[in-house]
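Written below as structure tokens is the structure these notes are about.
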Amino acid sequence: MAAEPSSFSIKPGESTESTAFRSALDVIRAVEPRVADAIGAEVEDQRAQLKLIASENYASPAVLLTMGNWFSDKYAEGTIGRRFYAGCRNVDTVEALAAEHARELFGASHAYVQPHSGIDANLVAFWSVLAQRVESPALERAKVRHVNDLSEQDWAALRRELGDQRMLGMALDAGGHLTHGFRPNISGKMFDQRSYGTDPETGLLDYDALRETAREFRPLILVAGYSAYPRLVNFRIMREIAEEVGATLMVDMAHFAGLVAGKVLTGDFDPVPHANIVTTTTHKSLRGPRGGMVLCDAELAEHVDRGCPMVLGGPLPHVMAAKAVALAEARRPDFQDYARRIVDNASALAEGLLRRGASLVTGGTDNHLVLADVSGYGLTGRQAEAALLDAGIVTNRNSVPQDRNGAWYTSGVRIGTPALTTRGLGVAEMDEIAGLIDTVLTSTRPGTTANGTPSKASHVIDASVADQVAARSADLLAGFPLYPGVDLSQG
Ligand code: DSN
């Protein structure tokens, strides 16, 4: 089947990008050839594998090239109009462009494009809500003094005044993220936290149970959003719950930002009109450079803009520039088609797996990801992940609700479609990939430990099956070349 063009596909024969990447590698090779070789090997690996990690994608050549330049050399702590360094006029230009594109794309009042990652974006959001909502004379003093000038009494007052604030977020094994209050994470230590889960029968969010928990717990922050929940979240209901209990609604849309940008998630399912503050990464379904971003109401903006240096190290101007480019790409009409195809592909993948007897958490998907419970194959998530990799299929293991194998071995595999959709694969290929996944998992069994007991870590796969699947994956991908105009071969 012919490849559908991805929105940044380079036509064979157009050589500008090839020349740019090849020249860059030549320059790098002259200093440390092993780094140049590793870069070349990485693109070859990505070309050769079925990339189904739900949080990964392929950025455009324009986005990639925007990150390798002199902006990397510039310090720009603070933000536009309030810098702690001189000489930031060009950084101001790209930061303003990225923020403008973000506001326009998402319909947000304010955008802060400095966070280096999703975790950083979430920390900025926590800080902002604490700074906005918590009456703290000690914090006011801390804002205008050097940290070395704070006395032990000041620190004790800060801890007293800011400590013990409450956060309610989705449990990790229900699909939430580590930073939504998982106890061992900094978010679970900064806050007195509690988690909401999903219905044990259906695996779906139970808004009534969540409302009850929120009424009883009365959090300062209600966190919505997920990294492994295969359904939509109704943010109108989330906002109602937050308002009822006096909480600030924070939505982490890192996984589904591309679906919001592409207008697949609208109305009650678009977090931006409903949340007080929205965080995201820019490199998942949004298909930009690795990084984070915060969108918020006007009332939170002044606190969010203090993210650096209160929470973040110096911004990465070269990455902010690449965010501006990626957000400009996401504002093009073809991005909406891309977002729709991500979801269509995930549905086709889910249907293909279900038809072959796989067990999926919630019984399917409405978004970009599928969470397969692989215990029916007699495997842990770790074994399934490793066996699939043997066959050239890259996924990642993930807990399922009430997972008996814990967060390290897990019982699930998370499978997502943003990357292969960028590459142009469609629903027919997704059905075939479902068959390949099922073939690998049915041909794999647990290994044994040194004592002869069943292992949760090692696996044994029928080598001929792994080879056949890898060969078929390679054939499939050959019809959908990645960066088709970019030839890195030397000479
Ligand atoms: N690592 C990201 C993911 O894979 O979902 C979230 O932090």
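Data table
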{"read-out": "Rounded accessible area per residue of the chain, 1.4 Å, Å²", "value": "42"}
{"read-out": "Estimated distance in nm for a label pair at ARG29 and ASP344, the labels positioned 7 Å out from Cα along Cα-to-Cβ", "value": "4.1"}
{"read-out": "Heavy atoms of THR248: accessible area, 1.4 Å probe, square angstrom to 10", "value": "10"}
{"read-out": "DSSP beta bridges in the chain [antiparallel fraction, %, rounded to 5]", "value": "60"}
{"read-out": "Percent of beta bridges antiparallel (DSSP, the stretch 185-341, rounded to nearest 5)", "value": "45"}
{"read-out": "Cβ-derived FRET efficiency at R0 51 Å, VAL144 paired with THR448, nearest 0.05", "value": "0.20"}
{"read-out": "Listed residues SER109, LEU97, SER187: farthest to the positive end of the dipole of the stretch 92-235 (Cβ charges)", "value": "SER187"}
{"read-out": "Fraction of accessible area attributable to carbon and sulfur, the stretch 386-491 (%, probe 1.4 Å)", "value": "52"}
{"read-out": "Span per principal axis, largest first, for the Cα atoms of the chain (Å)", "value": "68, 56, 48"}
{"read-out": "Contour minus Cα-Cα distance for VAL427 and ALA20 (0.36 nm per residue)", "value": "143.2 nm"}
{"read-out": "Which of TYR229, TYR483 is most accessible, then next, and so on - probe 1.4 Å", "value": "TYR483, TYR229"}
{"read-out": "Rounded if a/c under 1.5, otherwise prolate or oblate - the stretch 354-418, Cα gyration tensor axes", "value": "rounded"}
{"read-out": "At R0 = 22 Å, FRET efficiency that the Cβ-Cβ distance of ASN234 and ASP208 yields, to 0.05", "value": "0.95"}
{"read-out": "Pairwise centroid distance, computed over Cα atoms, of the stretch 402-451 with the stretch 350-375, Å", "value": "10"}
{"read-out": "Stretchable slack from ASP164 to PHE84, in nm (0.36 nm times residue separation minus alpha-carbon distance)", "value": "25.6 nm"}
{"read-out": "Unit charges on C-beta of K, R, D, E only; dipole of the stretch 259-312, Debye", "value": "420"}
{"read-out": "SER151 accessible area, assembled protein chains, probe 1.4 Å, Å²", "value": "40"}
{"read-out": "Sulfur and carbon atoms: percent of accessible area, the stretch 279-334 [1.4 Å]", "value": "50"}
{"read-out": "CYS296 accessible area, assembled protein chains, probe 1.4 Å, Å²", "value": "10"}
{"read-out": "Rounded Å value of the spacing that divides the Cα centres of the stretch 8-80 and the stretch 238-262", "value": "33"}
{"read-out": "Rounded to the nearest 20 debye, dipole of the stretch 289-385 from Cβ charges on Lys, Arg, Asp, Glu", "value": "360"}
{"read-out": "For the stretch 251-325: rounded, prolate or oblate by the Cα gyration tensor [a/c cutoff 1.5]", "value": "oblate"}
{"read-out": "Approximate spin-label separation VAL134-GLN153, in nm, with each point projected 7 Å along Cα-to-Cβ", "value": "2.1"}
{"read-out": "Unsatisfied cross-links (Cα-Cα over 22 Å) in the set LYS263/LYS323; LYS284/LYS323; LYS74/LYS323; LYS51/LYS456", "value": "LYS51/LYS456"}
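The values are calculated or read from the model by the stated rules, or taken from the named source; none is laboratory data. Bear in mind the structure is a predicted one, so any value in this text is a computation, not a measurement. Quick reminder, even Gly has a Cβ in these numbers, built from the backbone with ideal geometry, and neighbours come from all protein chains shown. Surface areas here come from the heavy atoms of the whole protein model, side chains and all, with no ligands, DNA or RNA. Shrake-Rupley method; radii C 1.70, N 1.55, O 1.52, S 1.80 Å.
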